[in-house]
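The values are calculated or read from the model by the stated rules, or taken from the named source; none is laboratory data. Predicted model, so just to flag it, every value in this text is computed and none were measured. Cβ: placed from backbone, ideal geometry, glycine included. Neighbour counts: every protein chain shown. For accessibility, only protein heavy atoms count, side chains too; no ligands or nucleic acids. Shrake-Rupley method; radii C 1.70, N 1.55, O 1.52, S 1.80 Å.
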Amino acid sequence: MPSPLPCNLLTRRRALTACAAVAALTAAAALFLLATPPTEDPTHPYLLASLLHNTSNQADSAATSQPPLPSTSILQLQTNLPSGFTTVPSMFLVPSPSPAENLDDGSMEETDPPDLKPISSGSPIRRSDINNKGHDMKDHAMLPPRPEVPVPLWSTAADEELIYAKKEITIAPLVSNDPDLHAPLFRNVSVFRRSYELMERLLKVFVYHDGAKPIFHSPELKGIYASEGWFMKLMEGNQHFVVRDPNRAHLFYLPYSSRQLEHNLYVPGSNTIEPLSIFVKKYIDFISTKFPYWNRTKGADHFFVACHDWGPYTTKLHDELRKNTIKALCNADLSEGVFIHGRDVSLPETFLRSPRRPLRGIGGKPAAERSILAFFAGQMHGRVRPVLLQYWGGKDADMRIYDRLPHRITRRMNYIQHMKSSKYCICPMGYEVNSPRIVEAIYYECVPVIIADNFVLPFDDAFNWSAFSVVILEKDVPKLKQILLEIPDDQYMAMQSNVQRVQKHFIWHPNPIKYDIFHMILHSIWYSRVNQIQLE
């Protein structure tokens, strides 16, 4: 990648002038196309303008040192929905509970997804039958592959700091006996610690204030979408990393919720998520027209966090958002062509039963007291779980595999008690590759057995997952017990001990602490951004 253009060749003023001219031409074209009055009710909830009003003047005042580009008109912001869509009457009243329900067996599940129609012309989304490259633990010292990155229109002091960080990480001093970091958990503990130190010292994040609730700034803190909600809450309330002056920022956070998109814009029975994708595209168009920061890097220094399964697919109508932006996704599936390994971040899916007590119930029996070899209970959706049940459901006393725990069993031992009493907790994919059971297993100190081809595991930039989990191919489900029994006892004991050690990196705290899940997610995003920088 060529180095950024020198300031004497492309000054900030010239860049802004050029961007302003493009924006003006775009606005004129859009106004011409939208000259016909809208047919929808002016209170239609799909009007992007009603959700993108500036809820705070801080963003505008913060950008005074670099004048914003002309704002778009309300007409330009209207989302053009396919004909036949109707509003949901209670869309902007009190949000309803998450569609995930606390089942009798204590597990959390997605509701049945619609039979999604393709967003654009072409064949529907299909998974390709490729091998998972996300779990390769060879060459632990290597940075992830660096995807192609757009050249910034002008350089900033933040760019120079990223170059400095990249150089420092490549010559990270050797770490030994760090009391806070257990080296076997990491691909390269020296690289991780140096990168984390630099993040704490340098990283500045600008959070866009535009956008109204409930889609923006409305974190959901309970259920299986808790990861995106807790990150949003803690990021927006952070006083160490967040800056009001966007000219100082290394990263720009787009604070919308994929769960709230689904809840407020998806029309039940429509079998398409096109309204969600249109909304996201209009939002990025709005941001890129009002402010110059998106256009400087074509979105490469922007990021969003999405745990809903549909999060990746809502980006497909905006090329720069899909290709350049850092996407922190629970649905980190290599086979879909959306998640870009080396740029995007695999977000841990954490199911929280109590937002006020996120640490409730964490822990489990010692390894020597775990009498159950393997355990799984949950709904039979997706391609893996029916096969798991077919081979192991009710056929082996060592393999406690259920669709849902029968009442006669829950009277003696519930779902959580099973996880706390099992050596291995089976974590098969559901509708998508991700599963909250992976982090649940870590919470209950049970070695996760992950069955999901093409899944990039959370924090794979930092962690050596083979130290505390077992990953098997979907085709090897019939050999599951054999694979587990072939693991030597001392290896199992080491993995179970490492599960206990890695647990602190997956825990949410109302006030974040060093190396916890909030900081690990932020570090993965920071590390991705640093990795985009090319050294001469």
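Would you be able to say whether some residue in the stretch 480-488 is under 30 Å from the mean Cα position of the chain (by Cα) and of a type outside the set (A, V, I, L, M, F, W, C)?
Scanning the stretch 480-488 turns up no residue that is under 30 Å from the mean Cα position of the chain (by Cα) and of a type outside the set (A, V, I, L, M, F, W, C).
Look at the stretch 201-222 and say how many of its residues are open to solvent by 30 Å² or more (accessible area, probe 1.4 Å), within 21 Å of the chain's Cα centre (by Cα) and under 19 Å from ASP516 (Cβ atoms).
3
Taking HIS140 as meeting all but one of (1) more than 17 Å from LEU522 (Cβ to Cβ); (2) open to solvent by 50 Å² or more (accessible area, probe 1.4 Å); (3) modelled with pLDDT of 95 or more, write down the number of the exception.
(3)
For the stretch 310-343, which positions are basic (Lys, Arg) and surrounded by fewer than 24 Cβ atoms within 10 Å (Cβ to Cβ)?
Of the stretch 310-343, the ones basic (Lys, Arg) are 316, 322-323, 327, 343.
Residues satisfying the conditions are LYS316, ARG322, LYS323, ARG343.
For the structure I just gave you, tell me whether ASN271 is under 30 Å from GLU160 (Cα atoms), open to solvent by 30 Å² or more (accessible area, probe 1.4 Å) and touching a residue at least 12 places away in the same chain (Cβ under 8 Å). Full working, then the answer.
Numbers: under 30 Å from GLU160 (Cα atoms): no; open to solvent by 30 Å² or more (accessible area, probe 1.4 Å): yes; touching a residue at least 12 places away in the same chain (Cβ under 8 Å): yes.
No: the conditions fail for ASN271.
Being touching a Cys at 6+ places or on another chain (Cβ under 8 Å), open to solvent by 10 Å² or more (accessible area, probe 1.4 Å) and not in a loop (DSSP other than H, G, I, E, B): is that true of ASN247 here? Walk me through it before giving the result.
On the way: touching a Cys at 6+ places or on another chain (Cβ under 8 Å): no; open to solvent by 10 Å² or more (accessible area, probe 1.4 Å): yes; not in a loop (DSSP other than H, G, I, E, B): yes.
The answer is no for ASN247.
List pairs: first residue in the stretch 232-257 and at negative phi, second residue open to solvent by 40 Å² or more (accessible area, probe 1.4 Å) and of a type in the set (Ser, Thr, Tyr) anywhere in the structure, Cβ distance under 7 angstrom, at least six positions apart or on different chains.
ASN247/SER65
Taking the stretch 326-340 as the region of interest, how many residues are closer than 18 Å to GLY430 by Cα and of a type in the set (Lys, Arg)?
0
One residue is enough: does the stretch 149-156 have a residue meeting the conditions within 21 Å of the chain's Cα centre (by Cα), under 19 Å from PHE303 (Cβ atoms), touching a residue at least 24 places away in the same chain (Cβ under 8 Å) and not assigned by the TED database to the domain that holds LEU251?
Of the stretch 149-156, the ones within 21 Å of the chain's Cα centre (by Cα) are 149.
Keeping just the survivors that are under 19 Å from PHE303 (Cβ atoms) gives 149.
Pick out the ones that are also touching a residue at least 24 places away in the same chain (Cβ under 8 Å) and you get 149.
Right, trim to not assigned by the TED database to the domain that holds LEU251 and you get 149.
Looking for residues that are within 21 Å of the chain's Cα centre (by Cα), under 19 Å from PHE303 (Cβ atoms), touching a residue at least 24 places away in the same chain (Cβ under 8 Å) and not assigned by the TED database to the domain that holds LEU251, one finds at least one in the stretch 149-156, hence yes.
Taking the condition of being touching a residue at least 24 places away in the same chain (Cβ under 8 Å), open to solvent by 30 Å² or more (accessible area, probe 1.4 Å) and under 15 Å from TYR515 (Cα atoms), how many residues in the stretch 187-199 meet it?
Narrowing the stretch 187-199 to residues touching a residue at least 24 places away in the same chain (Cβ under 8 Å): 187-188, 191-192, 194-196, 198-199.
Imposing the further condition that a residue be open to solvent by 30 Å² or more (accessible area, probe 1.4 Å) reduces the set to 187-188, 194.
Within this subset, residues satisfying the condition of being under 15 Å from TYR515 (Cα atoms) are 194.
Count: 1.
Give just the number: which of (1) within 18 Å of the chain's Cα centre (by Cα); (2) closer than 14 Å to PHE303 by Cα does HIS250 not satisfy?
Single failed check for HIS250: (1).
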